[in-house]
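Some notes on the structure that comes next.
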Amino acid sequence: MAITYTTLTGAKTVPESIHNFVNYGKTPVTTILTTAEALVYSRLRVREMRASAVLSLPIEAWTLGLPTGYLEPIALRDREGLDLIPDRFVEERGLLRRRIYNEDVVTTLNGAILVGDLSMIVTNRDEFPTTFPFTVRIEDETIKVTAGASTTWTIERGYGGTTAAGHANAATVDGMLESGTPSHVAVFSELFQFNYKADEARTYDLAFYKTPTALGATNTTNFLTNRYPQLIYAACSAGAAFYRKDTEEYAAHVAWLEKLCMEANAESDLGRAA
């Protein structure tokens, strides 16, 4: 009999229940099941988790929000045939190194800022965006400007993997990215980040791994319950051990789960077209 959310969260007398499987009646089964799904999806990459989306990058934009449930990219291709993922997918620092700032959009600090300061004052903001957030660069630090009135800005320091540092009065504040065709992309701050501000509106086709809808009262089965019940039980066993603060048993169950996920991933890879 296929397992369902109802049987998994059932009483200890139900053979397929978490209570029965872990042999511990005090286990908070709904919490354990939520934790178990998170453990599985952090490791599993199979066909049922693949999804696609069409993303539109407006002119003058350089970031795009991640789709709901996004876990990991497979491919990102613009409609002109440029494969940004996997060919031009970089880490944060690599992306920031490839960003070129418009030398005509600059200002200076009106007063020094220290490493921990979360606001700064600039001498003017005439050419800067009128909406938030946006990023600026001072020396080797990228700073995210999240709010502000006139020339006083609220800021997040060390943005995008850069390191917060002190900056002297009158230090140059570079404001806007150069316009161009985005040629590299990274994922950080829960955004697709491009190295250029789009010189025209662009459309991208994205393939990615997505978190499936969680099991629950209105979603009682999914591909895990139907195809990979062993993954649920391994992850639930790990969750129950964690709840009991049994670190040794937890580690053993996580190792078991990782082995099962590796086998499932390998099986899925065999069925994937080149």
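What FRET efficiency do you get for R79 and S150 if R0 is 41 Å and r is their Cβ-Cβ distance, rounded to the nearest 0.05?
Working: r = 40 Å, r/R0 = 0.98.
So, using R0 = 41 Å, E works out to roughly 0.55.
Under 37 °C and 0.692 mPa s, how fast does segment 106-176 diffuse according to Stokes-Einstein, given a Kirkwood radius computed over C-alpha pairs? Answer in µm²/s, whole number. Don't jump to the answer; show the numbers that get you there.
Values: Rh = 11.7 Å.
It comes out at roughly 281 µm²/s.
Restricting the calculation to Cα atoms, the chain yields a radius of gyration followed by a Dmax of 24.2, 73 Å. The alpha carbon centroids of segment 90-106 and segment 1-26 are separated by 53 Å. Our note on the geometry: Cα centres of segment 55-79 and segment 126-205, 18 Å apart.
Report the charge-dipole magnitude of the chain in Debye, nearest 20, computed about the Cα centre from +1 at each Lys and Arg Cβ and -1 at each Asp and Glu Cβ.
Values: 25 positive and 33 negative charges, 207 e Å.
So the magnitude is around 1000 debye.
Placing unit charges on the Cβ atoms only, positive for Lys and Arg and negative for Asp and Glu, gives segment 106-176 a dipole magnitude near 140 debye about its Cα centre.
Of the residues G158, P133, T108, the one whose Cα sits farthest towards the positive end of the charge dipole of segment 106-176 is P133 (charges of +1 on Lys and Arg Cβ, -1 on Asp and Glu Cβ, taken about the Cα centre).
Taken together, the values in this text are just the output of simple stated rules run on the coordinates, not laboratory data. Worth saying up front: this structure is predicted, and the values here are computed from it rather than measured. Cβ: placed from backbone, ideal geometry, glycine included. Neighbour counts: every protein chain shown.
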